[in-house]
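Just so you know, all these numbers are worked out from the coordinates, no wet-lab data involved. These numbers were taken from a predicted model, which means no experiment stands behind them. Ideal geometry is used to build each Cβ from the backbone, glycine not excepted, and the neighbour counts take in all protein chains shown.
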Ligand code: 0O2
C-alpha cells in the first residue's frame, strides 16, 4: 500500500487504534465468558462428581473475516454497524457428552443475571435439512473497562461429541468442494447425521441407567464421617475444626 502523506498515515494509525480497541473489547468478553464457564465446570465437577462439559473451543473472528461478513451481508462498513450486526465476533463452542447436558449447560448460562439472551436457534429440536444439529445462543454480556461499560454479543454453540464430529467433517467436505458438494455425498452425510443422532440417543439411555445405579449405590453406602474435617479445593486441602462445624450446626438449629 502506497501512503502519500503524513496526514493519511496519521489517519491510518488512528483507525488501527480504534480497531484494536474494538477487538480488545471482544477479547475481554471472551475472557469473561471463559471464566464463567470454568467456574460452572469446576463447581459441577466438585458437587456432582461429574462434568457436563467435555471440552470448550473458542475463537475471536479475525478483522478480515468481520469485514468479509459485513460486505456479504450488505451492512455499513463502520465499527458501529459491525458491533450491531455481527453477532459471532466472539465464538464459543461447548462440547458435551449427552444431549441432556446441552440444555443443562444452556440453562446454567442463561440463569446468570448479567447475561441477556438475544436469540436461540435450536438446531437439535429442528435440525438443518443436511442433518446439522447444535444449540446456538446469541448472548449479550457487559464488559467493564476503566472508563466505560460496553455490551458485546457472544455466539455460543452447544453440541454433543457426535454432533461435533459430524459438523467438523461436513465443514471440511463443504470447503473441499468449494461449497458445491456432489449430491451422493450430501445424502451420505445426512445418513451419517442420523447415525450420530442414534448414537447420542443410545448413549443418553445408557447414561440414565448408570445414574440410577449410582444413586442406588449412594443410598446404600455407609455414612463416613472421617473425612468431615478435611475440605479440598483443587489441590489444596483445608482443615475444618470439628468445633466450627458443631457451632454452625447449632446456629442452624437455633
Ligand atoms: P465459522 O467459521 O464456524 O464461524 P450468520 O452467522 O448470521 O452468518 P446464520 O445462518 O444465521 O448466519 O447462523 P447460524 O445458522 O447460527 O450458523 C452459524 C454457524 O453455525 C456457522 O458459522 C457454523 O459454525 C455453524 N453451522 C451452521 N450451519 C452449519 C452446517 O450446516 N454445517 C456445519 N458444519 N456448521 C454449521 P460460520 O460463520 O459458517 O463459520
Measure nothing fancy, just the Cα-based angle from helix 63-72's long axis to the longest principal axis of the chain, in degrees from 0 to 90, nearest 10.
70
Between residue 253 and residue 45, what FRET efficiency comes out of the Förster formula 1/(1 + (r/R0)^6) with R0 = 45 Å and r the beta carbon distance, rounded to 0.05?
0.90
Rounded to a whole number, what is D in µm²/s for the range 11-163 from Stokes-Einstein with the Kirkwood radius over alpha-carbon pairs (4 °C, 1.567 mPa s)?
78
When the Cα atoms of the range 1-85 are enclosed in a convex hull and the volume is divided per residue, what value in Å³ results?
127
Top of 204, 155, 84 by mean-square fluctuation, Gaussian network on the chain, Cα under 10 Å
84
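Any chance you could run the full-extension gain for residue 18 through residue 233? It's 0.36 nm times the residue separation minus the Cα-Cα distance, nm to one decimal.
Values: separation 215, 0.36 × 215 = 77.40 nm, distance 4.19 nm.
Working it through step by step, the gained length comes to 73.2 nm.
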In degrees, nearest ten, helix 6-48 long axis to first principal axis of the chain (Cα)
20
Note: residue 11 to residue 55 extended length (0.36 nm per residue) minus current alpha-carbon separation gives 11.6 nm
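Suppose R0 equals 45 Å; then what is the FRET efficiency for residue 71 and residue 148 from their Cβ-Cβ distance, rounded to the nearest 0.05?
0.95
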For the chain, what does the relative contact order come out to in percent, with C-alpha contacts under 8 Å and a separation of six or more?
15
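Order these peptides, 86-94, 20-28, 233-241, by their mean beta-carbon neighbour count within 10 angstrom, highest first. Walk me through the intermediate numbers first.
Numbers: 86-94: 20.9, 20-28: 15.7, 233-241: 8.6.
Packing proxy ranking, top to bottom: 86-94, 20-28, 233-241.
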For the range 183-199, list residues with backbone N below 17 Å from a point placed 7 Å from the Cα of residue 177 toward its Cβ?
183-194
State the Cα centre-to-centre distance between the range 1-40 and the range 135-172 in whole Å.
19
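Tell me, what does the Kirkwood hydrodynamic radius of the range 29-76 come to in angstroms if you use every pair of distinct C-alpha atoms?
On the way: mean 1/r = 0.0751 Å⁻¹.
Across the range 29-76, the inverse of the average 1/r is 13.3 Å.
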